Amino acid sequence: MASQTAMLLLPLFSLSLFAMASAGNLNRDLQITWGDGRAKILNGGELLTLSLDKASGSGFQSTHEYLFGKIDMQIKLVPGNSAGTVTAYYLSSQGPTHDEIDFEFLGNLSGDPYTLHTNVFTQGKGNREMQFKLWFDPTLDFHGYSVLWTSQHIVFMVDGTPIREFKNLESRGIPFPRSQAMRIYSSLWNADDWATRGGLIKTDWSHAPFTASYRNFNADACVSVAGKSSCTAGKLAGGGVLWMYYRMDLESQKRMEWVQRNQMIYNYCADLKRFPQGLPPECPLA
């Protein structure tokens, strides 16, 4: 999957941009929302598992809603033949003009790389997909998947490595998610009509139940309750929310460019066939 040059660069990706904060208790921070017993919180709140069988998938959501923050979760994806399955991990508000920030992991035949699908919705409109092949096997161990969301940009990270940035370009008429609080959601479900090679490969239920595992959830974020944020103006002005001021330095930019050059397999901003009347307005400016 990776070239020899890529393999030489891999140690770089083990360096995290942020120290992982102490993990929260999943019993307190997350709520199982569906699955009829297929989702479980184990080990006193240290581990959560989602399972999928032919009858149903399962899912959870965060206890709180957030308006800006850095959200971390370690996930170990479905091993073996996971073709047709999707493990979704995302932030979303509610309603027809919702905002959303998506990680989706598209299953594979055993031995094939997973596809990491990312998207950003603003005011109910998405169509901003970027897809990547991961540079490691995400089923062998837990890996960190993070979203940094501030009023200036959204940064998707894998094991601390930035893979995508969506900037606030409201000054040029492009909507940006900054007014709707979002809750964290995750689900494991069957999508064999499209998930693996466009639906050509179907789910093999002889491998069920399919299971994904979660741990070390951390939300260093502004909790929103009844429209009021836990991040006060004084706290922001005093520098108490360090992630709010994060900007990618030259090294981070280089790491993101490496991922996009070597691991990206789809970029909506390069899909002229899909947008014959012109690329979305943020593309030439991103």
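The values are calculated or read from the model by the stated rules, or taken from the named source; none is laboratory data. Fair warning: this is a prediction, and the values are worked out from it, not measured in the lab. Here the Cβ positions follow ideal geometry from the backbone for every residue, glycine too, while neighbour counts run over all protein chains shown. What goes into the accessible areas is simple: the full protein's heavy atoms, side chains included, and nothing from ligands, DNA or RNA. Shrake-Rupley method; radii C 1.70, N 1.55, O 1.52, S 1.80 Å.
From the alpha carbon centroid of segment 27-99 to that of segment 154-227 is 10 Å.
Each residue of segment 100-114 was assigned a 3J(HN,Hα) from its phi angle through the Karplus expression (A = 6.51, B = -1.76, C = 1.60, θ = phi - 60°), giving 7, 10, 10, 10, 9, 10, 8, x, 8, 6, 3, x, 8, x, 5 Hz with x at Gly and Pro.
Here, segment 34-176 yields an orientationally averaged convex hull projection of 9.7 nm² when only Cα atoms define the hull.
Remark: accessible surface ordering of Lys254, Lys228 (largest first) is Lys228, Lys254, probe radius 1.4 Å. Could you check the spin-label model distance between Leu42 and Arg28? Points 7 Å from the Cα along Cα→Cβ, value in nm. So the two model labels end up 2.3 nm from each other.
Considering only Thr115, Thr85, Thr33, the Gaussian network model of the chain with Cα springs below 10 Å gives its largest mean-square fluctuation to Thr33. Less than 5 angstrom separates the built amide H of Cys231 from those of Val223, all sequence-distant by 5 or more or on a different chain.
When the chain is treated as a GNM with alpha-carbon contacts under 10 Å, the residue of Ala219, Ala181, Ala191 showing the greatest mean-square fluctuation is Ala191. Each Lys or Arg adds one and each Asp or Glu subtracts one; over the other residues with Cβ under 15 Å from the Cβ of Pro138, this totals -2.
Farthest towards the positive end of the charge dipole of the chain, among the residues Val147, Pro209, Gln31, is the Cα of Val147, using unit charges on the Cβ of Lys, Arg, Asp and Glu. Ranking Trp34, Trp243 by solvent-accessible area of protein heavy atoms (1.4 Å probe, all protein chains present), from largest to smallest, gives Trp34, Trp243. Note on the chain: helix-only mean residue ellipticity at 222 nm, from DSSP H runs of 4+ residues weighted -39500 (n - 2.57) and normalised by residue number, equals -2500 deg cm²/dmol. Taking 0.36 nm per residue of separation and subtracting the current Cα-Cα distance, fully stretching the chain between Asn267 and Leu242 would add 6.0 nm. Note on Leu279 and Leu140: their simple-model spin labels are 3.5 nm apart, each label 7 Å out from Cα toward Cβ. Taking amide H atoms as placed 1.01 Å from N in the peptide plane, the amide H of His98 lies under 5 Å from those of Gly124, each 5 or more residues away in sequence or on another chain. Computing FRET efficiency as 1/(1 + (r/R0)^6) for Lys228 and Glu251, where r is the C-beta to C-beta distance and R0 is 22 Å, gives about 0.05.
For Leu30, the amide hydrogen comes within under 5 Å of the amide hydrogens of Thr63, counting only partners 5 or more places away or on other chains and with H modelled in the peptide plane.
GNM on the chain, alpha-carbon springs under 10 angstrom: the most fluctuating residue among Gly160, Gly35, Gly95 is Gly95. Rolling a 1.4 Å probe across the protein heavy atoms gives the chain an accessible surface of 46 Å² per residue.
Relative contact order, whole percent, for the chain stands at 26, derived from Cα pairs under 8 Å and 6 or more residues apart. Exposure check, 1.4 Å probe, all protein chains in place: Tyr245 carries approximately 120 Å² of accessible surface. Of all lysines in the structure, the ones whose alpha carbon falls short of 28 Å from that of Lys54, not counting any fewer than 8 places away in one chain, are Lys40, Lys76, Lys133, Lys202. For semi-axes √(5λ) of the Cα gyration tensor in Å, the listed values are (i) 32, 22, 18; (ii) 36, 22, 18; (iii) 27, 24, 20; which was obtained by calculation from the structure presented? Checked against the structure: label (iii). Compute the signed sum of charges (Lys and Arg +1, Asp and Glu -1) over the other residues within less than 14 Å, Cβ to Cβ, of Leu26. Value of the local net charge: 0.
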